[in-house]
Each structure stands twice: as structure tokens, then as C-alpha cells.
Amino acid sequence: MSEKPLRFAVVGLGMGQAHCHDINDARGAELVAVCDLVPERVEAMTKAYGCRGTTDFAEILAAPDIDVVNIATPSGMHAEHTIAALRAGKHVICEKPPEVTVAKVDSMIAAQRETGKKLMIIFQSRFEPLYRRLRQTIQDGRLGRLIGVHATVHWYREQSYFTCPGMWKGTWALDGGGSLANQGVHTVDLIQWLCGPVVEVYGKYGVYAHDIEAEDKTVAVLEFANGALGTLTSTTALYPGMDTELIVHGERGTIHCQAGLRMWRIRGETPEAEAEEERQMMELYGPGDKPAGSVSSDPFAFATRGHLAQVEDMVQAIREDREPYITAESTRHTVEILNAIYQSARDGRPVRLG
Ligand SMILES: NC(=O)c1ccc[n+]([C@@H]2O[C@H](COP(=O)([O-])OP(=O)(O)OC[C@H]3O[C@@H](n4cnc5c(N)ncnc54)[C@H](O)[C@@H]3O)[C@@H](O)[C@H]2O)c1
């Protein structure tokens, strides 16, 4: 017997447009309503998907035929909108970052526990098969003790990117910062999810190529709880933009990712076995053909299929009454790390976490 699809609404129709697209394609989901303060954005989505639309979030909260609300409003509004939706009896999928401060993430976690509704945060990289494989490999101890974790988010954004409804991008209050809080946060989340908690950070930031309040370049040194040392660079000022790069190395080998797998070398029983493992991994996860646009230079080239996987996971989580794959709790440390990097840069000294 086929189950009725769960009924979704999307609030915030910038990135939220991709949510509409993915809900429309996802198994077990149906898009019934959209909401934005900008009427043209609402109209474009109601026309494209044949759903209803509103400029009033309260209408979404009051609608009895909505099971799940996707929140894609400015980052510093996520707690307010998520908590209102949870308290109105809806399950919530909230865009990254969950919020801009740890205290606000904690308020979302508290509301989720109090209401018993599901709350999932979008961090689509965690759904990428290569990163899932890498995480399992690290957890299985195949790299041995981790030594280094090195990530660069060398992206480019035109000044026009920062012109958006409410002019919130690149502000401390609503974006939580700049290149680190908005773009680099995917990679901050990835490295803490892959390599474990961070215990100390030292950071520097500045504004170089944009007229914005926060920063368009941040550099940080990280110490992980397992002793590994890391470096992280995020920028939206590197013209024309490069693919995000991640290198993880341990006692027994190195894995290098940039637009797919570049190197997978783990000491094997023989040189032949080692080469064969890399060959197999390259076949599965190697760079291959790339689409013309990349998110490193084009904010609209994001991997929407990761969002589709998250929508389908939420549908299953509700049906099976289990936690979604990405809980708010599991993303709290991400917000803690990026705020500690900013704090360190302001204070001019390392900051201990936790
Ligand atoms: N996962 C990803 O790859 C990804 C990519 C881009 C953006 N995002 C996230 O999505 C969120 C939105 O970013 P964006 O780039 O789409 O910004 P945006 O400014 O283009 O869109 C936000 C929309 O929210 C609307 N909004 C604000 N307050 C509202 C309210 N009370 N009710 C209804 N609508 C309201 C605005 O009018 C605007 O259209 C951010 O948290 C951002 O970090 C995630």
C-alpha cells in the first residue's frame, strides 16, 4: 500500500527555489505552499510548481495541511522561524548554518526536544558518497592516528551577490560573518564531522575585495581533540574561484579531495595492493566530467541533489520515527568553531573550545 506523500512548504525563496525543485522531485514529498516577503519570488514558484503562495509566514504556521516547513531565510533568522514552525506542530528542515550563534542553536535544539518534532539541518556535503567513504575510513582507523587536516575554500563572489532582499549577506548580525560563516561553513562542518572535535583555534580575517561589514577572507589554525593540526582558509575574494580542497593525512596515508577524489594512498600490504585500492577509489570517486558551472564562482551552481537526498531522508525519518541524518545537535560544534575563529581574530590570541 503506497503511503500519502508528506506535504512541504518552503519559506525564503532564494536558495529556497532549489528546495522547491528538490521537494518536487523527491519520493514521498509534495510541495503545497511557498512563502517569501518578496511577491515576485512567491509568484515565480507558485507558477513553476502549481502550489499556493503567501507573503505571510503566519499563514504557513496556521495551515493544517503542512507537515514539514523548509526554512531558507537569512541565517540569523533561522532560530526564530524554526522555533515558530516547531511550536506550530511542523517538522523542520533548516538551511545551513543552523544559526549564527551557539546560544541560538541551543534554543532550536531545546524547541525540538520540547515539541518532539523532527529538525534537520542542511549540510549537503555530508551526503556525498566520497565524504561518507572518507569518514568510514577514518573511523575504521585505516589512516592511523590523524596528523593533518587542511582545507581551502577559495571562492569568488561579485559585489552584486551581496545585494539581496534585506541586504543581510556579509553582516555579523544576520550572516554571522562573511566567507567563513556563509561559504566556508560547509567545510567547517565537514572537517568536524570527518575528523572529530576541534579544541583550539587561532584566526585572522579581513575585508579585501568587497564593500561588506564582516570579512571576505579568513585564515585559521585548528587543533583537533585527537591531536591533529589543521589549517583552514575561506575567501570570496579569490578571482575567478577554485574548487574546495581538502587534504587529510594520518600515520598510514593521505586522502586528497578537490572536485572529487585526487589521491587515495593508504599503506597496503604490498605496493600493488596500495595502487589497486587507489585505482578502485579513483574509479568510484575521481573527478570525472564536471558541469560547466561550479559553486566556487557561481552561487547558483550548488549541488541541489544533496538537498533532494536530505528531503527524502526527512520523509523516512518521519515515517520511521527516527532522527534525521543531520540533527541540529550534530551541527552545533560547527557554529562553535566558526565563532571561536572570529573571536580569536578579534582578540589576537588562540581560543579554547568547549
Ligand atoms: N546549502 C547551500 O548550499 C546554500 C546555498 C545558498 C544559501 N544557503 C542558505 O540559505 C539561506 C538563504 O540564503 P539565500 O542566499 O537564499 O538568501 P536570499 O536573501 O536570496 O533569500 C532569503 C529570502 O528569505 C526571505 N525572507 C526573509 N524574511 C522572511 C520572512 N519573515 N518570511 C518569508 N520570507 C522571508 C527574503 O525575502 C529572501 O527572499 C541562508 O541561511 C544561506 O546560508 C544555503
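Coordinate-derived values only; no laboratory data. Owing to the predicted nature of the structure, the values given are computational and were not obtained by experimental measurement. A quick note on method: Cβ atoms are made from the backbone with ideal geometry, for glycine too, and the neighbour counts reach across all protein chains shown.
Translational diffusion coefficient of region 137-190 (Stokes-Einstein, Kirkwood radius from Cα pairs, 37 °C, 0.692 mPa s): 241 µm²/s.
Diffusion coefficient (Stokes-Einstein, Kirkwood radius over C-alpha pairs, 37 °C, 0.692 mPa s) for region 185-272: 219 µm²/s, rounded to a whole number. On the beta carbon distance between Arg113 and Arg133, with R0 = 25 Å, the FRET formula returns roughly 0.20. Of all segments of the chain bounded by trypsin sites (Lys or Arg not before Pro) found in a DSSP loop with no more than 11 other C-beta atoms within 10 Å, the longest spans 146-321.
Residues Ser179, Ser75, Ser107, Ser125 in ascending order of nearby Cβ atoms (within 10 Å, fewest first): Ser107, Ser125, Ser75, Ser179.
The tail of the calculated P(r) for region 1-85 beyond 20 Å holds 26 percent of all Cα-Cα pairs.
When the P(r) of region 108-163 is calculated, the portion above 14 Å amounts to 76% of the C-alpha pairs. For region 28-177, rounded, prolate or oblate, judged on the Cα gyration tensor with a ≥ b ≥ c (square roots of eigenvalues), a/c < 1.5 rounded, else prolate if a/b > b/c? Taking the square roots of the gyration eigenvalues as a ≥ b ≥ c, region 28-177 is prolate. Stretched out straight at 0.36 nm per residue, the stretch from Val295 to Ala48 would grow longer than its current Cα-Cα span by 86.6 nm.
With Rg and the Kirkwood Rh both taken from Cα atoms, where does Rg over Rh land for region 206-335?
Radius of gyration relative to Kirkwood radius: 1.02.
If a/c stays under 1.5 just call it rounded; otherwise compare a/b with b/c (prolate if a/b is bigger, oblate if not). Do that for region 188-233, with a ≥ b ≥ c from the square roots of the Cα gyration tensor eigenvalues. In terms of gyration-tensor shape, prolate. In terms of overall dimensions, region 157-222 has a Cα radius of gyration and Dmax of 13.0, 37 angstrom. Here the Debye sum runs over all C-alpha atoms of the chain as equal scatterers in vacuum, and log10 of I(q)/I(0) at q = 0.10, 0.13 Å⁻¹ comes out as -0.62, -1.05. What the Cα convex hull of region 117-276 gives, in volume per residue, is 139 Å³. Counting only Cα atoms, region 7-51 measures 29, 18, 14 Å along its principal axes, largest extent leading. Using a simple spin-label model with pseudo-atoms 7 Å out from Cα toward Cβ, Ala225 and Thr101 lie 2.5 nm apart.
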